[in-house]
Structures are given as structure tokens and as C-alpha cells.
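The values are calculated or read from the model by the stated rules, or taken from the named source; none is laboratory data. None of these values were measured; they are calculated from a predicted model. Positions of Cβ are generated from backbone atoms using ideal geometry, with glycine treated the same way; all protein chains shown enter the neighbour counts.
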């Protein structure tokens, strides 16, 4: 008999900070799938300590004989805890203090905190490596979709040229409902808040910040660069209207909030903004609260991952996957290469982007308007592929929409043109611009 066969390895002992929706989901998953996880990881995973603000709050999870800490940072100093799971959130404050304290003490860390990683990821990874402590954050990007592991491991043999993702379920739900019902942004947002798909203060989601945090982390792993959130160009979906959704359909497009990181001769683009994508592309059909990430490698071509990007079960699934790797002793640098080898990100300027554009104007219905607009575009070296004016006003000088689709143009030229167009007396509202993204 081989020595050691049949023996049960000691459990990986875990402390969880934050028992909200995700934290409770992690506890449930570890309880319900304990046998499966022990088999796959080679040993059990056991919660021995927790921290949350209200000990008396009812939570949808099994009860356990855990040590309870009012101060989450105390988890980092519990001598029995081997891995701290940080589910508090926030780029700084208690979450960052806890993570850094745990790593300094040589304890492993698993976190779902994309904001903290987007701001301090390189520093945290370097600290983990210096202390020989494992660091996992699969749950920080795209919920239950194992995209970080895929980039680090499954696509390790590829040079990644582009990452394109729908990384925020709230925005995707709103845009889907607007397309399917014809309702405008404000009405659908209010419904999303009632259903729990949007926060009471939804700005983090609808202004693109959440997706930008996730993109910054994806970029670092895909291109072996330091995380550089400040280099991300960020726009949200507040200005997308029902009329834009309708025109997109007419032109054969759907509107999605995309997060894009792309290798170019000028550097790496990082941008989050509404895009028109052809209706027959796979990502155009990712609807509702679902997320998707497409990666393009030089050997594998394009691969796409789709699934739920948030919620108790998908995010808990990603957290526990990291715990299983740590329990099994499977380790790799958190960002794919050692932190010291992450290169400073050479950012491609947004002003240099070349592409086609959708432009919607609300103008007075009077002679000469189109000539004035066309003259501005001509001056800025922008040519028009198609133009639509929908209907005539019943009374002269009343507002009507005019929509233009441009040929390929430089972003800086388009920005100057729109500033000039906005100053025309016949233009009644700031122009709406949506980039057309070939996928």
C-alpha cells in the first residue's frame, strides 16, 4: 500500500469578510458541495471565522460555529485562518486594509473587489508574491464566467490582440428592455431599480465605471501590463434614447455598452462606451443581465464566454473556484506573469481612434440645415455614408431628428465637428454620437 493513500488531508481554513448576497452564497456553496470540492481540491474547505456589520441579521445560509469579528481586519490576524475572502467592496477603506494585512501576514486572499484591483492591483500582486501568499480574484470580472483563468492559463500560448466584453448586467438589461419594448432610458432604469437589477444610486453602473474597473483588470492580464484604470476612456448609457435604439435596428445594428481593450501600433486602447454592433454578431444577442467576453488570440482566433455576470450564485462560484485552486496547491501569478514583469501600459490616445460613427441631431425643420451640417463635416474631412431625416414637422422650425452614418473618420476630427455642429443655430440639442464597432 502506498504511504498516505486513504488519508484525508487537513482542511483549508477560511475567513470570510462580508456576508451579503455573495458572502452568504459562498457559505451555502461550500456547505452544499463540500464533498465535491474536497474531491476536486484534494482536501475539505472549511469556514472558521467571519466578519459582518450585523451579527443578528437573518441571512440565507447555514449556520456554523465560526468566530465572529466585528472588525474585518482581525481576520488577518486569526492564527487559524489560512485564506481571507474579502467581499466588503470599495477601492480603499476596510477592504484594502484587510487585504494588505492578510497578505503581509502570509495569508492567502480571494477577493471579488474589481474597484480595489483596478486602482491598486499591481501593488497588491507584488505584495502577495513577496510574501509567498496566493491571490485570487476570478470573481472580480464577469461573475461566474472563468475569463481570468482562461486568459492566464487556457490562452497562455497566444498573443492576445483584443478583448471585447459586455461587463455590466445592469446596462445590458436596460438596453435590452429599451430595444424590446420601445421605452426610454429613464422608465426602464426605474423598472430595473424596482426589480433589483440597478442600485438606488445607479451611477457606478450606468456611467460605465463598473465596466471600466473590470476592463482595467482584464487588460493587465491579457497584455501583461500594469493595471492602469486612469487610461480607460469611459462613457455610460445615459444619453442613449429610444430613438437611437430604433434607428440602430433600421440600420441593422444593436446598441451595447462594450468594454474594449485592443493592441494597436500606437499602444493599447482601453475604452468603455455605447457601441453599435451588427445584429448578426454573437455579442449582439447577449441580452438581459448576462455578460460576455470575447478574446482574440493569434493562434486560437476568437473565443467567446457568456454567462451571468453578477448575483449570489455566479459570483460565489468564482470565489470558490479560487479557493479550490488554493486548497489543491494550484498557483500562478495573479496577473499571468510575476508583478515585477508587468510592463507600464502604453496607452493609445482615444483621439486617434479610427472608425465609423452614428450621429443623431435634433434640428429645426427649415431650409439649409443639412447644408450647414454637411459643410462642417466636409471641413473636418468626414464623409457621410448615409443620412436619414425622419418626417417633416407640421409647423416650420419645429424639431425633427436627422441621423448620419459616417465613413471611417478619426475621433479627434469627429469631436471637433460635433462641437461646431452643436453651435449651429438650427441644432437644438447637443449631438448624440455612438461609435460603430466592427466585430
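Below are the figures for this structure:
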read-out	value
Test for residue 188: is it buried (at least 17 other Cβ atoms within 10 Å of the Cβ), at pLDDT 95 or above, out of contact with any strand residue (DSSP E or B) (no Cβ under 8 Å at 6 or more places or on another chain) and not in a helix (DSSP H, G or I)	no
Residue among 292, 310, 334, 351 that is in contact with a helix residue (DSSP H, G or I) (Cβ under 7 Å, 6 or more places away or on another chain) and closer than 30 Å to residue 130 by Cα	334
Odd one out for residue 230, checked against (1) assigned to a loop (DSSP other than H, G, I, E, B); (2) within 15 Å of residue 118 (Cβ to Cβ); (3) without any contact (Cβ under 8 Å) to a residue 40 or more places away in the chain	(1)
Residue selected from the stretch 383-394 under the condition at pLDDT below 95 and in a loop (DSSP other than H, G, I, E, B), by the criterion farthest from residue 278 (Cα to Cα)	394
Residue within the stretch 214-223 that is in the same structural domain as residue 161 (by TED's automatic domain parsing), in contact (Cβ under 8 Å) with a residue 12 or more places away in the chain and more than 27 Å from residue 346 (Cα to Cα) present	no
Extreme residue, nearest to the chain's Cα centre (by Cα), among residues of the stretch 129-142 that are buried (at least 24 other Cβ atoms within 10 Å of the Cβ) and part of a helix (DSSP H, G or I)	140
Count of the stretch 229-243 residues which are within 30 Å of residue 338 (Cα to Cα), buried (at least 19 other Cβ atoms within 10 Å of the Cβ) and in contact with a strand residue (DSSP E or B) (Cβ under 7 Å, 6 or more places away or on another chain)	3
Top-ranked residue of the stretch 148-165 - restricted to ones that are assigned to a helix (DSSP H, G or I) and touching a helix residue (DSSP H, G or I) at 6+ places or on another chain (Cβ under 7 Å), ranked as farthest from residue 307 (Cα to Cα)	152
Output for the stretch 96-105, where each listed residue is surrounded by 18 or more Cβ atoms within 10 Å (Cβ to Cβ) and either part of a loop (DSSP other than H, G, I, E, B) or in contact (Cβ under 8 Å) with a residue 60 or more places away in the chain (or both)	98
Cross-chain or 6+ apart pairs with Cβ under 6 Å, the stretch 77-89 first and in the same structural domain as residue 128 (by TED's automatic domain parsing) and surrounded by fewer than 17 Cβ atoms within 10 Å (Cβ to Cβ), then part of a loop (DSSP other than H, G, I, E, B) and modelled with pLDDT under 95	none
Test: residue in the stretch 41-61 that is closer than 17 Å to residue 26 by Cα, surrounded by fewer than 20 Cβ atoms within 10 Å (Cβ to Cβ), modelled with pLDDT of 95 or more and out of contact with any helix residue (DSSP H, G or I) (no Cβ under 9 Å at 6 or more places or on another chain)	yes
Test for residue 38: is it surrounded by 13 or more Cβ atoms within 10 Å (Cβ to Cβ), in a helix (DSSP H, G or I) and touching a residue at least 60 places away in the same chain (Cβ under 8 Å)	no
Residue check, residue 412 within 30 Å of residue 259 (Cβ to Cβ) and not in a strand (DSSP E or B)	yes
Failed item in (1) in contact (Cβ under 8 Å) with a residue 12 or more places away in the chain; (2) part of a loop (DSSP other than H, G, I, E, B); (3) over 27 Å from residue 223 (Cα atoms); (4) out of contact with any helix residue (DSSP H, G or I) (no Cβ under 6 Å at 6 or more places or on another chain), with residue 92 passing the rest	(3)
